[in-house]
Amino acid sequence: ETGVTQSPTHLIKTRGQQVTLRCSSQSGHNTVSWYQQALGQGPQFIFQYYREEENGRGNFPPRFSGLQFPNYSSELNVNALELDDSALYLCASSAGLAGHTDTQYFGPGTRLTVL
Amino acid sequence: AQSVTQLGSHVSVSEGALVLLRCNYSSSVPPYLFWYVQYPNQGLQLLLKYTSAATLVKGINGFEAEFKKSETSFHLTKPSAHMSDAAEYFCAVSSNNNDMRFGAGTRLTVKP
């Protein structure tokens, strides 16, 4: 059974650019959640996708957007990058639609640095 | 709104000593509570979760946590620390409103 994978592992961008981060969910999982973890802090919920539809969103501006594909993999897109967007971005997958109460399996994350 | 407070950003114990990591939550509805561990340069791994069944929850690696509604607490314990337990630990709270809140984390150091 393949776990959650994320790509790339590291990324450096400049302010104002756009970035796309990718996540492959664990086999059999149809729900994907994205989190932002700034240095020294806990993860913050960005949004969740269930069967290709957004199913909940945290307190992030619209320039954070996402997609989920028919194979349940997912993308996180961030437009107009700001310095404060520098963080570890975590993807987590789970097997059902129950908000966040199902057990989530996390990927290793993508470290984004905005200069 | 729900929230989590982890008391103590750093905890240091000796190998073989009791581990106690504190977590207090706030939630307007019956909460689901989680403890996750994060090793350097890795994602989060679920240690255990509380979903309104037994108040004492046993997890992996010898960890357990007790849900105390009267104290709004969900502290994580392990009777005997091992060097491999050194990591960052996060408490989190969720409900069925499609939101999940994490605490700021507690870094556990285990001294030989």
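A short reminder: the numbers here are calculations on the coordinates, not readings from a lab. Source: prediction; values computed, not measured. Positions of Cβ are backbone-derived with ideal geometry, glycine not excepted, and every protein chain shown enters the neighbour counts.
Of the residues B:69, B:58, B:49, which exhibits the maximal mean-square fluctuation in a Gaussian network model of chain B defined by a 10 Å Cα contact cut-off?
B:69
With charges set only on the Cβ (+1 for Lys and Arg, -1 for Asp and Glu), what does the dipole of the stretch A:31-115 come to about its Cα centre, in debye to the nearest 20? Walk me through the numbers before you get to the answer.
Numbers: 4 positive and 8 negative charges, 20 e Å.
Approximately 100 debye in magnitude.
I need to check one value: relative contact order of chain A, counting alpha carbon pairs closer than 8 Å and at least 6 residues apart, in percent. Don't skip to the end; give the middle numbers.
On the way: 300 pairs, mean separation 41.9, N = 115.
Over chain A, the number comes to 36 percent.
Determine the dipole magnitude for the stretch B:63-110: charges of +1 sit on the beta-carbon of Lys and Arg, -1 on that of Asp and Glu, nothing else is charged, the reference point is the Cα centre, and the result goes in debye to the nearest 20.
80
Could you rank the peptides B:71-78, B:33-40 by their average count of other C-beta atoms within 10 Å per residue, with the highest value first?
Values: B:71-78: 18.6, B:33-40: 20.4.
Packing order, densest peptide first, comes out as B:33-40, B:71-78.
Find the relative contact order for chain B and round it to a whole percent, using C-alpha pairs within less than 8 Å whose residues are 6+ positions apart.
With pairs under 8 Å counted, the relative contact order is 37 percent.
Tell me which of B:4, B:95, B:80 sits at the most positive position along the dipole axis of the protein assembly as shown, charges placed on C-beta atoms (Lys, Arg +1; Asp, Glu -1).
Final value for the positive-end residue is B:80.
Evaluate the Debye formula for the protein assembly as shown with equal point scatterers sitting on the alpha carbons, no solvent, and hand back log10 of I(q)/I(0) at q = 0.09, 0.18 Å⁻¹, in q order, two decimals.
The calculated log intensity ratios at q = 0.09, 0.18 Å⁻¹ are -0.36, -1.33.
Roughly how many whole Å is it from the C-alpha centroid of the stretch B:29-95 to that of the stretch A:13-42?
Computed from Cα coordinates, the inter-centre distance equals 23 Å.
Using amide H atoms built 1.01 Å from N in the peptide plane, name the residues 5+ places from residue B:107, or on other chains, whose amide H lies under 5 Å from its own.
Placed amide hydrogens put B:10, B:11, B:89 under 5 Å from residue B:107.
So how strong a dipole does chain B carry about its Cα centre when Lys and Arg Cβ are +1 and Asp and Glu Cβ are -1, to the nearest 20 debye?
80
With the cut-off at 1.5 for a/c, could you classify the stretch A:46-115 from its C-alpha gyration tensor as rounded, prolate or oblate?
Judged from the Cα gyration tensor, the stretch A:46-115 comes out prolate (a/c at least 1.5, a/b above b/c).
Please find, in a Gaussian network model of chain A (springs between Cα atoms separated by less than 10 Å), the residue of A:17, A:68, A:48 whose mean-square fluctuation is greatest.
A:17
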